[in-house]
Amino acid sequence: MEIAKRLPHRSVQSVYRHGLRQLHPFKRGAWTEEEVEVLVAAVAQYGKKWATIQAKLNRSADSCRDKYREMDDSYIRGR
């Protein structure tokens, strides 16, 4: 909260997510086919509980959510 107060152009959530990316050793970069299969299986098992799924894949919850959304045929990239 203190950092976000000093950065009025950034939301508290964006400051939190930036810190999370910097401090936690989540895997980043391209997804492998095996990871995608694990993601699909985990969503089938747990639903869209991204915090639970992030532990299975060692990727951030946001990354898992975004990848799952991208796999949907109706996904439109950009605004």
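Considering segment 53-79 alone, what residues qualify as being among the β-branched types (Val, Ile, Thr) and either modelled with pLDDT of 95 or more or surrounded by 18 or more Cβ atoms within 10 Å (Cβ to Cβ) (or both)?
Listed by number, the list holds a single entry, ILE53.
Output the residue which, of all residues in segment 5-49 that are aromatic (Phe, Trp, Tyr) and open to solvent by less than 60 Å² (accessible area, probe 1.4 Å), is nearest to TYR68 (Cα to Cα).
TRP31
Search segment 1-21 for residues that are farther than 15 Å from ALA61 by Cβ and pair each with any residue that is in a loop (DSSP other than H, G, I, E, B) when their beta-carbon atoms are under 8 Å apart and the residues are at least 6 apart or on different chains.
Between residues of segment 1-21 that are farther than 15 Å from ALA61 by Cβ and residues that are in a loop (DSSP other than H, G, I, E, B), the close pairs are ALA4/ARG10; ALA4/SER11; VAL12/MET1; VAL15/LEU7.
Going by the structure shown, is VAL43 within 14 Å of the chain's Cα centre (by Cα) and outside any loop (DSSP other than H, G, I, E, B)?
yes
The values are calculated or read from the model by the stated rules, or taken from the named source; none is laboratory data. The structure displayed is predicted, hence computed values, not measured ones. FYI the Cβ positions are ideal-geometry reconstructions off the backbone, even for glycines, and counts take in every protein chain you see. Accessible surface is based on the protein model in full, side chains and every heavy atom, while ligands, DNA and RNA are left aside. Shrake-Rupley method; radii C 1.70, N 1.55, O 1.52, S 1.80 Å.
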